[in-house]
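*Asks:* My questions all concern the structure below.
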Amino acid sequence: MQTLSTEVLVVGGGTGGTAAAIQAARRGAQVILVSEFAWLGGMLTSAGVVAPDGNELAAWQTGIWGAFLQELQQRQPGGLDHAWVSFFTYEPQIGAAIFADWVQALPNLTWIVGQTPTAVLRSSDRILGVQFQDYAVQAQITIDGTELGDLLALGDIPHRWGWELKATFQEPSAPSEWQEWMTQYPVQAPTWVVILQDFGQGTIAPKIPQPPHYDPFKFAQAWENYGSKQFLNYGRLPGDRFMMNWPIHGNDYGEGLHRLIESPEARQEFLQEAFWHSQGFAYYIQNHIDPRYGLAIDIFPHSPTPPLPHSPTPPLPHSPTPPLPHLNSLAFALHPYYRESRRLIGMTTVREQDILPIASGQVAALPFHVTAAGCANVESLCSAIALGNYVNDHHYPSGDIPLKPKAIRWGGRWTGTPFTIPYGAIVPALVDGLLVCEKNISVTHMANGATRLQPLVLGIGQAAGMAAALAIEQQCPPRHLPVRSVQNALITDPTAPAAIIPLFNLDRHHPEWLKWQTYYLDHPEAYPGSGYAPCASSPVSHQCSPSLSVYSGTVRVMAGQEYQICLHSPPEKVGECYGLVCLQTDTNEALKRISDQTVVKLLGQLNPAGRWILVDKIEV
């Protein structure tokens, strides 16, 4: 076994781990990134969730998330607005290529592929590194970016798994008493994403094999309230492809979830069943909608499935999975989309009430830091290091549970209210030398439904990577690192500056963006419940794109900031009506000023799947 040494070790090449490794290396630290799979990006690539949710508004498109979207816009033929579940859908191999290019551009970042952790190197209350199959890596700072928080278990680091009752954290949506189904479904259900292809009207696609234990009744009501066309368009991708990540009698799989952390053999057994379940869903679609829909071709680098439940498996926490020989279309993701994992017990725990908007407001309160001053004897009043805005959303086979609402109407549509993640949620309460950056942050089961989304996890990873690099620079354990130094480094990063304070009316290019980010970090008590900074408006520079078209028509203004346009032009669209939606603050304000039955001219992109026009500019 080879022994390596580095300043920062990132274990797991998923969404958070990839961002952490890139940011730490960009800051100047020597970094080793160890991934199981040949693709980096996790949820955004190798898990196939190529319709990311949350942080969609222009003001939230900052940091590595914003840079990723910009690269996708440049590389993805046909643009990104194709589905109705997300404004951004793309081919997973393009996303993987972006992350690989960023990593390979950093000479101080070493990427090791095909290894999984087998042991954590620890001395008393300090993590010293991680052992893999072929390497032992010693590091000053280790970052757990594994999909299921494997280092927490291997290193005997205090963590949680499953539900908390209301008495634990006083969360408004938490159950007051234990119920049997909570034991059956301790965490949210994962999904093994599969991508389908429309092979053309009148064409019969290659037949999808029926998997073992196939039960068509599991899927019989999948698109009952949507219709087959709208159902497929949920995750429509460029090139008449469809991402299947469907929660309603679809390919979520949650039976025997305890097996994910029980033993390597039990995990492999669960993965095999989850794969068959997704294969069965694809088989059902082909046989109950139209045989023209089949498995997409050449999407992922290989089509993995675990070994059969009773075949020998290597004694690894998450062993690499071999290909399934008879499904060679490469349409199945490399691993499931995990919505929840083991969760760190950190310096701070994010609770449901921490992500909900304040009374009569549309933003969550900023978190205050209450620990003693750090190594530099300087401490920030505000401990936020990443922002998200997704509505709280839980997935269980028994059905979603009622949750406290956290959504508003904005830009002609519903969006989640913004909140922030405090620095203490990525730092263990009692262990040094470790940070976390995935679904494994210190968060309750309830709040995980909003913190688990891909753009926010990129932001958490970026913050963890920055904190690790600063801990090396300042020779200061992460638990004692001045939070303000992390915040300053994030908002002034020369490559991908990241917003920390959610401000609806300030995108990254506004001349007062940095001023107000800094002000509310210094004065979190002054943060407005509206989420709007009291600054002068500034002309917004809109980028011309060949995918944008000119439309004119009569606008109907409905209740709750809902807008519809009946088109006068272009000629081929006359009389057709679409919703109007936007992601930019100035466009949102323009929509709010429009009176009912006003004739307008606008520049935007029509999305047939969403039945909307994504508006860039409006002229009355």
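The values are calculated or read from the model by the stated rules, or taken from the named source; none is laboratory data. A quick note: this is a predicted structure, and the numbers were derived from the prediction, not measured. When we count neighbours, we look across all protein chains shown, and the Cβ atoms used for this are built from the backbone with ideal geometry, even at glycine. Note: accessible area is taken over every heavy atom of the protein model, side chains too, but ligands, DNA and RNA are not part of it. Shrake-Rupley method; radii C 1.70, N 1.55, O 1.52, S 1.80 Å.
*Asks:* Work the Kirkwood hydrodynamic radius out for the chain: mean of 1/r over every pair of different alpha-carbon atoms, inverted, in Å.
*Replies:* Details: mean 1/r = 0.0403 Å⁻¹.
Its Kirkwood hydrodynamic radius stands at 24.8 Å.
*Asks:* For the peptides 158-167, 140-149, what is the packing order when you average, over each peptide's residues, the other Cβ atoms within 10 Å and list the highest mean first?
*Replies:* Going from most to least packed, we get 140-149, 158-167.
*Asks:* Are there DSSP H segments in the chain that both extend 20 Å or more along their axis (alpha-carbon positions) and score a mean Kyte-Doolittle hydropathy of at least 0.0? List them, or say none.
*Replies:* Helix filter hits for the chain: 454-474.
*Asks:* Next question. Using +1 at the Cβ of each Lys and Arg and -1 at the Cβ of each Asp and Glu in region 158-214, identify which of A205, V187, Q170 lies farthest towards the dipole's positive end.
*Replies:* Among A205, V187, Q170, the one farthest towards the positive end of the dipole of region 158-214 is A205.
*Asks:* If I stretch the segment between I289 and Q70 completely, what's the gain in nm (0.36 nm per residue apart, minus their alpha carbon distance), one decimal?
*Replies:* Between I289 and Q70, full extension yields an extra 75.3 nm.
*Asks:* Hey, what's the Kirkwood Rh for region 423-562 if you take every pair of different alpha carbons, in angstrom?
*Replies:* Roughly 18.0 Å, rounded to one decimal.
*Asks:* How high is the relative contact order of the chain, given as a whole-number percent (alpha carbon pairs under 8 Å, six or more residues apart)?
*Replies:* 18 percent
*Asks:* Once you have the Kirkwood Rh of region 12-97 from its Cα pairs, apply Stokes-Einstein at 20 °C and 1.002 mPa s and quote D in µm²/s.
*Replies:* Estimated diffusion coefficient is 158 µm²/s.
*Asks:* Is region 491-618 rounded, prolate or oblate when judged by the Cα gyration tensor, a ≥ b ≥ c being the square roots of its eigenvalues, rounded requiring a/c under 1.5 and prolate requiring a/b larger than b/c? Kindly include the intermediate steps, with their values, before the conclusion.
*Replies:* Numbers: a/c = 2.95, a/b = 1.99, b/c = 1.48.
Judged from the Cα gyration tensor, region 491-618 comes out prolate (a/c at least 1.5, a/b above b/c).
*Asks:* At 1.4 Å probe size, put D134, D493 in order of accessible surface, largest to smallest.
*Replies:* From most exposed to least exposed: D134, D493.
*Asks:* What shape does region 389-433 have by the C-alpha gyration tensor, where a ≥ b ≥ c are the square roots of the eigenvalues, rounded means a/c under 1.5, and otherwise prolate means a/b greater than b/c and oblate the rest?
*Replies:* Oblate, because a/c is 1.5 or more while a/b does not exceed b/c.
*Asks:* Would you work out which of V34, P52, L128 lies farthest towards the positive end of the dipole of region 1-160? Charges go on Cβ: Lys and Arg +1, Asp and Glu -1.
*Replies:* Most positive-ward Cα: L128.
*Asks:* Please compute the net charge surrounding S341, taking Lys and Arg as +1 and Asp and Glu as -1 over other residues with Cβ under 13 Å from its Cβ.
*Replies:* In short, +2.
*Asks:* With the Cα gyration tensor of region 545-584 giving a ≥ b ≥ c as the square roots of its eigenvalues, does the rule (a/c under 1.5 for rounded; else a/b larger than b/c for prolate; else oblate) give rounded, prolate or oblate?
*Replies:* oblate
*Asks:* Relative contact order for region 134-283: what percent, with Cα pairs under 8 Å and sequence separation of 6 or more?
*Replies:* It rounds to 26 percent for region 134-283.
*Asks:* Moving to a separate point now. Ignoring ligands, DNA and RNA, what percent of the accessible area of the chain is carbon or sulfur (1.4 Å)?
*Replies:* C and S fraction of accessible area: 52 percent.
*Asks:* How many percent of DSSP beta bridges within the chain run antiparallel, rounded to 5?
*Replies:* Working: 58 of 84 bridges.
Here the share of antiparallel DSSP bridges comes out near 70 percent.
*Asks:* Using DSSP to define loop residues, name the chymotrypsin sites (Phe, Trp or Tyr not before Pro) in region 441-541 whose beta-carbon has at most 15 other beta-carbon atoms within 10 Å.
*Replies:* Those that pass, being in a loop and sparsely packed, are Y532.
*Asks:* Mind grabbing the base-10 log of I(q)/I(0) for region 83-209 at q = 0.12, 0.14, 0.20 Å⁻¹? Debye formula, identical points on the C-alpha positions, no solvent, two decimal places.
*Replies:* Log10 of I(q)/I(0), two decimals: -0.89, -1.04, -1.19.
*Asks:* Out of region 22-94, which GluC sites (Glu not before Pro) are coil in DSSP terms and have no more than 11 other C-beta atoms within 10 Å? Intermediate results must be reported in sequence, preceding the final value.
*Replies:* Values: sites: E36, E56, E71; in loops: E36, E56.
Hits after loop and neighbour filter: nothing returned.
*Asks:* What accessible area per residue comes out for region 397-506, rounded to a whole number of Å², with a 1.4 Å probe?
*Replies:* Counting only protein heavy atoms, the per-residue value for region 397-506 is 22 Å².
*Asks:* With +1 on each Lys and Arg Cβ and -1 on each Asp and Glu Cβ, how big is the dipole of the chain about its Cα centre, in debye rounded to the nearest 20?
*Replies:* Dipole magnitude for the chain comes out near 660 debye.
*Asks:* Net charge near G200: determine it from the other residues with C-beta under 11 Å of the C-beta of G200, scoring Lys and Arg +1 and Asp and Glu -1.
*Replies:* Net charge in that neighbourhood comes out at -2.
*Asks:* Right, another one. What percentage of all Cα-Cα pairs in region 41-135 are separated by more than 20 Å?
*Replies:* Working: 2264 of 4465 pairs.
For region 41-135, the share of Cα pairs beyond 20 Å comes to 51 percent.
*Asks:* What figure in square angstrom, to the nearest 10, would you give for the accessible area of S341 with a 1.4 Å probe?
*Replies:* Accessible surface of S341 is approximately 0 Å².
*Asks:* Using 0.36 nm per residue, how much length does the chain from I204 to W178 gain when fully extended, once their Cα-Cα distance is taken away? Don't skip to the answer; put the middle values down first.
*Replies:* Values: separation 26, 0.36 × 26 = 9.36 nm, distance 4.96 nm.
Taking I204 through W178 to full extension adds about 4.4 nm, to one decimal.
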